[in-house]
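Just below is one structure, and these are the notes that go with it.
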Amino acid sequence: MLTVLDHLPDQLLDLEAHQLEDRLGGPTLIHLAGRRDPPLFVSVLLHGNEVTGWQAVQQLLRRYTRRELPRSLSLFIGNVRAARYGQRRLDGQPDYNRIWGPGSTPEHAMAQAVLQQMQQRGVFASVDIHNNTGTNPHYACVNYLDASTLHLATLFGRTVLYFTKPEGVQSMAFGRFCPAVTLECGKPDQPHGTQHACEFLEACLHLSALPQRPVLSQDIDLFHSVAIVKIPDEVSFGFGEEAGDPHLRFPPDLDLLNFRELPPHTRIGWTNNGFHLEVQDEQGQDVADRFFYAQDGEIRTRVPIMPGMLTLNSRIIRQDCLCYLMERYSLAG
């Protein structure tokens, strides 16, 4: 499934994300030489509807059409088939940000080929660029808490999310042998998201090394993803008064709760037939009763929590989740 190139195809930087499949044919790994090695690894379009990464790379590489990159760059362009249709993934496809661990699909084998190539070349750092569909701030995600990884994350911003589930994500695989972050750049097609990601990549290319000293607590707002909230397939849901009569109904502006620390007893929705949210912790245990309760047809928080990646996109909710639940995390602890 993987095409490997040592140059940038002609006019590639002129193409929109939905046009890339016609030019590339499928997932493509492009190695570009620069003044310094080892390369910075960047992955974009692991989700076909999250185009900010590609737009940031376009903006970055246009600056270097007539001059040498300050550091070598290895660019992985992922699910171009889904990008053609503006979808996260197509039916029948695995999630391209869940294929970086063990698995038997051709996509898993392709991901392993990318990992093997990059391990052989050595990697200065890995950056995976994403969008989300709800209202969220820009933030970086990490899977490891070493100093170099946290310094890389805070280069993007002081808000950092640490998580260990779900497994099989790109940053977790690369983080085993180099500093690795996932950038969440807000909604797609927002110029400030593209600019933020581009300037981050530019800064990475100019770094000679990442600091080894600990990140100071006053320089980071670190959160830990402690649970994932899903809606079972058999449970219907909707948003606002026009949702009809589903099992679950949520406010039409639910995503405004993202990265807000909610006190106990905050109402997040309504249920007409008991409680139907599925909540799993990092060990896969059912912890719905720890975080929520249903009373008088309302769903309320039981403890202080902070949701992230709440979305109003029903397809994304079915393919991934309703949200993640986060708590503040102390590096000293």
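Just one of (1) surrounded by fewer than 19 Cβ atoms within 10 Å (Cβ to Cβ); (2) touching a Leu at 6+ places or on another chain (Cβ under 9 Å); (3) modelled with pLDDT of 95 or more; (4) of a type outside the set (D, E, K, R) fails for S236. It is (3). Reported count of residues in the range 191-220, each being under 16 Å from the mean Cα position of the chain (by Cα) and at pLDDT below 95, is 0.
Hey, any hits in the range 163-181 for a residue that's part of a strand (DSSP E or B) and under 29 Å from I99 (Cβ atoms)? Explain how you work it out, then say what you get.
Narrowing the range 163-181 to residues part of a strand (DSSP E or B): 180-181.
Filter once more, keeping what is under 29 Å from I99 (Cβ atoms): 180-181.
Yes.
Residue count for the range 46-64 under the criterion of being farther than 15 Å from Q19 by Cβ and either touching a residue at least 12 places away in the same chain (Cβ under 8 Å) or of a type in the set (D, E) (or both): the result is 11. Under the condition of being in contact (Cβ under 8 Å) with a residue 60 or more places away in the chain and in contact with a Leu (Cβ under 6 Å, 6 or more places away or on another chain), which residue from the range 70-95 is nearest to M118 (Cα to Cα)? Step by step, filter the range 70-95, then rank; the result is L73. Hey, could you check the range 102-161 for residues that are in a loop (DSSP other than H, G, I, E, B) and of a type in the set (S, T, Y) and say which is nearest to L222 (Cα to Cα)? Among residues in the range 102-161 that are in a loop (DSSP other than H, G, I, E, B) and of a type in the set (S, T, Y), the one nearest to L222 (Cα to Cα) is Y144. For the range 135-151, which residues satisfy the criterion of being out of contact with any helix residue (DSSP H, G or I) (no Cβ under 7 Å at 6 or more places or on another chain), surrounded by fewer than 24 Cβ atoms within 10 Å (Cβ to Cβ) and closer than 20 Å to V114 by Cβ? Of everything in the range 135-151, just one residue is out of contact with any helix residue (DSSP H, G or I) (no Cβ under 7 Å at 6 or more places or on another chain), surrounded by fewer than 24 Cβ atoms within 10 Å (Cβ to Cβ) and closer than 20 Å to V114 by Cβ, namely Y144.
Filtering the range 259-270 to residues that are at pLDDT 95 or above and either part of a loop (DSSP other than H, G, I, E, B) or of a type in the set (K, R) (or both) leaves P263, P264, H265, T266, R267. Considering (1) surrounded by 14 or more Cβ atoms within 10 Å (Cβ to Cβ); (2) more than 25 Å from P70 (Cα to Cα), the lone condition that G34 does not fulfil carries the number (2).
Tell me, which residue of the range 160-186 that is aromatic (F, W, Y) and farther than 17 Å from L45 by Cα is surrounded by the fewest Cβ atoms within 10 Å (Cβ to Cβ)?
The initial filter retains those residues of the range 160-186 that are aromatic (F, W, Y), namely 162-163, 174, 177.
Now drop any that are not farther than 17 Å from L45 by Cα, which leaves 162-163, 177.
Numbers: Y162: 20, F163: 21, F177: 13.
Across the range 160-186, the extreme among qualifying residues is F177.
Residues in the range 307-322 that are part of a strand (DSSP E or B) and modelled with pLDDT of 95 or more: P307 only. Sort through L45, L60, L24 and tell me the only one that's surrounded by 24 or more Cβ atoms within 10 Å (Cβ to Cβ) and in contact with a helix residue (DSSP H, G or I) (Cβ under 7 Å, 6 or more places away or on another chain). None of the other options fit; the residue is L45. Is it the case that some residue within the range 246-254 is touching a Gly at 6+ places or on another chain (Cβ under 9 Å), at pLDDT below 95 and either polar (S, T, N, Q) or farther than 27 Å from P304 by Cβ (or both)? Yes.
The values are calculated or read from the model by the stated rules, or taken from the named source; none is laboratory data. Because the structure is predicted, anything quoted here is derived from the model rather than measured. We place every Cβ from the backbone using ideal geometry, glycine too, and count neighbours over all the protein chains shown.
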